[in-house]
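*Asks:* One structure, pasted below without further comment.
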Amino acid sequence: MIKLLNSCKFLVKTLVLVLFISSASAQIKEQGIIPQPYKVEKNNLVFAFSPATGIAVGDGIDVNNLSFFNQYFGSLSGYTLSVNNKSVIPSINLDIDSLAITAKEGYRLIVTQKKIKIIGHDEAGVFYGLQSLVQLLKPSNGKITVQGCTIKDRPRFAYRGMHLDVSRHFFDVETIKKWIDVLALYKINTFHWHLTDDQGWRIEIKKYPLLQSISAYRDETIIGHKRDSPHQFNGKRYGGYYTQDEVKAVVKYAIERHISIIPEIEMPGHALAALAAYPQLGCTGGPYKAATYWGIFDDVYCAGNDETFTFLQNVLDEVLPLFPSKYIHIGGDECPKTKWQTCPKCQKRIKDEHLKDEHQLQSYFIGRMEKYLNSKGRQIIGWDEILEGGLTPGATVMSWTGEEGGIAAAKQHHDAIMTPEKYVYLDYYQSLYAAEPIAGGGYTPLSKVYNYEPITKELSGDEATYIKGVQANAWSEYMTSPAQAERQLFPRMLALAEVGWSAKENKDYDGFLKRLRYQHPMLQRLNINAANTFDEITGDIDTKANHQTSLSLNTTLPGGKIFYTTDGSAPGLKSKLYSKLLTITSSGNIKAALFSNGKQTGRTYMQSFNMHKAVGKTVTLVNQPKGTYNTGDISGLVNGVFGNKLYNDGQWYGFNGEDLDAVVDLRSVQKVSQLGINILKYHWQKMWEPSLLTFEVSEDGKTYTEVYRQTEFTANGINAVRANIKPLQARYIRVKGANKGVIPPGEYIAGAKAWLLVDEIVIK
């Protein structure tokens, strides 16, 4: 039987909002559905709602389930639609036929002049057909119409997820429900609810009341970015938690919208908030406090203490009845082993269980909790660090540090969800404009999310079947309000929806943007504070062609014109019209503005250039940059563009535990009087200055003479080294930076490899 009451509640609530779409959408000639359906065939027929329209439901469907729909539709149109009257024409027909529609969650939507028919494989399929219908509704001359079409649709991936961290910042139940509505509209079927972490415990556990009175609150919260030094705090107690009744209400609300909620209870790391209430669960016994800033902390659950496992099992005993989901997320990420290395109980556990080291101790911890959850009929999902030491067959890996974890899991025939931070972390910046609100650190524009492909070339056909889906993650360190969170989540979440649902061959970014421009006013009417910066000017900098630096200016706005200046003045309609690649020959600022219909749209773009002798010259490196600080093209070290302080613009190159050893070839012997490089120092981001920086010069590339050395770098941020030396003749300039190596004791993430980040080797 289909129970469509809540589906129709959501349909009507959205319908009401759609009908009040702003006049801007009237300029868009063609509506479209997000995510893009598998197959769409349009016709010239138009279905128009009228008082004669009826709703016909299949056998066994309770017609009272549509009363909410009629209530809203009546308030909008002044009339209600007859229900369960198949003889009425025009009509809307809702049915299930799992033989005709073979794919789970699949549906067929047929619109003719006199009838709208939705056939689903299952109840979810009917629901998703209704969501597509919502997006096709069009108000015109006081009538509500739908363009004639036949849509055959099915999802590409079974798992289409959205993650939300509520530990760093807490969002109330009504906000969560509001976002669940939007997830449902765009066919996201999983909500990953990150409920516990170092900064706060957000779910009521009745057996452990101190989790509510102590762990749910922190003394204060950091102001600004974690990389700042010293940290600044607001001095205000902060926190909150969801009661079990509230959790039940949210879960029920989500189920009615065909969304499964997966709770995350972090272990064995990210446990400071819990340890603040129950210090005996830590290796040292405390005292502990919930963290007041963001990061990774050495104090974790004691793996040698049986009481730890009793506590977590008791917690899960209360969590499981609240969440009927097949999966329970147990975290497993970012667990420092520092305390375990000196903890007698942990060392005894290693010995007694014949474990090799602390990494295998983590595997023991995860495995023990997994067996407990399996005994309760549940399976675990964990971040890709749970791969350490091996997994049992039922475990699912959520690959976040990159794609490697998902690839490794699939090759071992474990299910995996792809959620790599480089592509789908929505707390990262979506624009490089200076006015962008504070965010996590990386750069994940809408296009990057949309173009992400979860099935990598490293996986064979059989292995690829273990990639069950894709998920976007939102960590809330810098999401201090629902409005700020929404700006980070939307519209990038819509791009993620298309990655998860639409067939690979049907994806087209320009087509997506066309549909998004229609959807954006609807998001506004849904009271979603979505970012609208995706059409703004972006710049691509290249130094490979002819060994010169060039700049191309781009926009995705149809018909948009770009005007620019090179003298630092504000661009306008009388400025130069951009038409081709700009070759940069001198230092200065290029500003550009986008105009549509004679008016500027979006913010003004600006890029600074600092030209010098090394620009466009050849650079060779002994060690190659690593991680996200490796663009695959080291010419950015000599392109005349200085990296920003957010280190997210692709200009910074990172060496993880390895030294910088670079040589610039000027191609001829020249007079040199100044040597420089930019060094990034953020100890709170594991970015350390070199213990020694030297410059050497040579005329033949064989014999080098040191001309400058530096050991002190005082700025927290960019240290612009500019060494004025006695003028000399040189062709080859060698710059060497000694990596700090291992982060020293007492510092953030002590024992980890230090990053050495550098940019722009300057030669004058």
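Matching residues to (1) closer than 21 Å to ALA416 by Cα; (2) touching a strand residue (DSSP E or B) at 6+ places or on another chain (Cβ under 9 Å):
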residue: VAL449; (1), (2): yes, yes
residue: ILE455; (1), (2): yes, yes
residue: ALA485; (1), (2): no, yes
residue: GLY500; (1), (2): yes, yes
residue: ASP508; (1), (2): no, no
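*Asks:* Okay, next question. On the given criteria, is ALA274 in contact with a Phe, Trp or Tyr (Cβ under 7 Å, 6 or more places away or on another chain) and more than 30 Å from LYS645 (Cα to Cα)?
*Replies:* yes
*Asks:* Follow-up question, since we're still on this one. Determine the pairs where a residue that is closer than 13 Å to GLU658 by Cα, located within the stretch 671-697, has a partner that is among the basic types (Lys, Arg) and assigned to a loop (DSSP other than H, G, I, E, B) with Cβ atoms under 7 Å apart, the partner being 6 or more residues away or on another chain.
*Replies:* If the second residue must be among the basic types (Lys, Arg) and assigned to a loop (DSSP other than H, G, I, E, B), the pairs left are TRP688/LYS740; SER691/LYS740.
*Asks:* So which of THR392, THR401 ends up being of a type in the set (Ser, Thr, Tyr), more than 30 Å from PRO744 (Cα to Cα), outside any helix (DSSP H, G or I) and touching a residue at least 12 places away in the same chain (Cβ under 8 Å)?
*Replies:* Step by step, each of THR392, THR401 is checked, and only THR392 is of a type in the set (Ser, Thr, Tyr), more than 30 Å from PRO744 (Cα to Cα), outside any helix (DSSP H, G or I) and touching a residue at least 12 places away in the same chain (Cβ under 8 Å).
*Asks:* State all residues of the stretch 628-645 that are among the aliphatic types (A, V, I, L, M) and free of Cβ contacts under 8 Å to residues at least 24 places away in the same chain; if no residue qualifies, say none.
*Replies:* Residue satisfying the conditions is ILE634 alone.
*Asks:* I would also like to ask the following. Taking into account only those residues within the stretch 503-536 that are among the hydroxyl-bearing types (Ser, Thr, Tyr) and under 22 Å from TYR38 (Cβ atoms), which is farthest from the chain's Cα centre (by Cα)?
*Replies:* TYR518
*Asks:* So, restricting to helices (runs of 4 or more DSSP H) that lie completely within the stretch 408-467, which ones have at least 2 residues that are out of contact with any Gly (no Cβ under 7 Å at 6 or more places or on another chain) and within 25 Å of LEU516 (Cβ to Cβ)?
*Replies:* 421-424, 446-450
*Asks:* Looking only at the stretch 157-179, which residues are under 17 Å from the mean Cα position of the chain (by Cα) and either in a helix (DSSP H, G or I) or among the aromatic types (Phe, Trp, Tyr) (or both)?
*Replies:* Matches in the stretch 157-179: TYR159, TRP179.
*Asks:* Among the residues of the stretch 646-678, which ones are hydrophobic (A, V, I, L, M, F, W, C) and within 29 Å of the chain's Cα centre (by Cα)?
*Replies:* Matches in the stretch 646-678: LEU646, TRP652, PHE655.
*Asks:* Further question: Going through ALA485, ALA395 one at a time, which residue ends up being crowded, with 20+ Cβ neighbours inside 10 Å, assigned by TED's automatic domain parsing to the domain that holds ILE261 and at pLDDT 95 or above?
*Replies:* Going through ALA485, ALA395 in turn, just one is crowded, with 20+ Cβ neighbours inside 10 Å, assigned by TED's automatic domain parsing to the domain that holds ILE261 and at pLDDT 95 or above: ALA485.
*Asks:* Please go through the stretch 620-645 and give me each residue that is crowded, with 19+ Cβ neighbours inside 10 Å and either in a loop (DSSP other than H, G, I, E, B) or not assigned by TED's automatic domain parsing to the domain that holds TRP684 (or both), ordered by number.
*Replies:* Passing the criteria: PRO625, ASN639, GLY640, VAL641, GLY643.
*Asks:* Filter the stretch 90-112 down to residues that are touching a strand residue (DSSP E or B) at 6+ places or on another chain (Cβ under 8 Å) and either in the same structural domain as THR190 (by TED's automatic domain parsing) or β-branched (Val, Ile, Thr) (or both) and give me whichever is modelled with the lowest pLDDT.
*Replies:* Of everything passing the filter in the stretch 90-112, ILE92 is modelled with the lowest pLDDT.
*Asks:* When only residues in the stretch 225-274 that are charged (D, E, K, R) and part of a strand (DSSP E or B) count, which is farthest from TRP688 (Cα to Cα)?
*Replies:* GLU264
*Asks:* A further question follows. For the list (1) at pLDDT below 95; (2) under 29 Å from ARG227 (Cα atoms); (3) in contact with a Ser or Thr (Cβ under 7 Å, 6 or more places away or on another chain), I need the number of the one condition that ASN532 fails.
*Replies:* Of the numbered conditions (1) at pLDDT below 95; (2) under 29 Å from ARG227 (Cα atoms); (3) in contact with a Ser or Thr (Cβ under 7 Å, 6 or more places away or on another chain), the odd one out for ASN532 is (3).
*Asks:* Let me ask another. Working only within the stretch 692-734, note down all residues that are of a type in the set (D, E, K, R), farther than 30 Å from HIS225 by Cα and surrounded by 11 or more Cβ atoms within 10 Å (Cβ to Cβ).
*Replies:* If the condition is that a residue be of a type in the set (D, E, K, R), farther than 30 Å from HIS225 by Cα and surrounded by 11 or more Cβ atoms within 10 Å (Cβ to Cβ), then GLU696, GLU699, GLU706, ARG709, ARG731, ARG734 are the ones that fit.
*Asks:* Here's something else I'd like to know. Please work out which residue is farthest from ILE188 (Cα to Cα), limiting yourself to the stretch 129-151 and to residues that are surrounded by 17 or more Cβ atoms within 10 Å (Cβ to Cβ), in contact with a Lys or Arg (Cβ under 8 Å, 6 or more places away or on another chain) and not hydrophobic (A, V, I, L, M, F, W, C).
*Replies:* The extreme case among them is GLY148.
*Asks:* Right, another one. If we only count strands (runs of 3 or more DSSP E) wholly inside the stretch 82-151, which ones have 3 or more residues that are closer than 21 Å to MET522 by Cα?
*Replies:* 138-140
*Asks:* Within the stretch 708-717, can one find any residue that is closer than 20 Å to ASN630 by Cβ and either under 34 Å from the mean Cα position of the chain (by Cα) or assigned to a strand (DSSP E or B) (or both)?
*Replies:* no
*Asks:* Could you check LEU211 against (1) surrounded by fewer than 16 Cβ atoms within 10 Å (Cβ to Cβ); (2) closer than 22 Å to VAL315 by Cβ and say which number it fails?
*Replies:* The single condition LEU211 does not satisfy is (1).
*Asks:* Output the residues belonging to the stretch 582-607 that are part of a loop (DSSP other than H, G, I, E, B), out of contact with any Leu (no Cβ under 7 Å at 6 or more places or on another chain) and under 15 Å from ILE537 (Cα atoms).
*Replies:* Matches in the stretch 582-607: ARG603, THR604.
The values are calculated or read from the model by the stated rules, or taken from the named source; none is laboratory data. Computed from a prediction, not measured in an experiment: that's the story for all the values here. Note: ideal-geometry Cβ built from the backbone for every residue, glycine included; neighbour counts use all protein chains shown.
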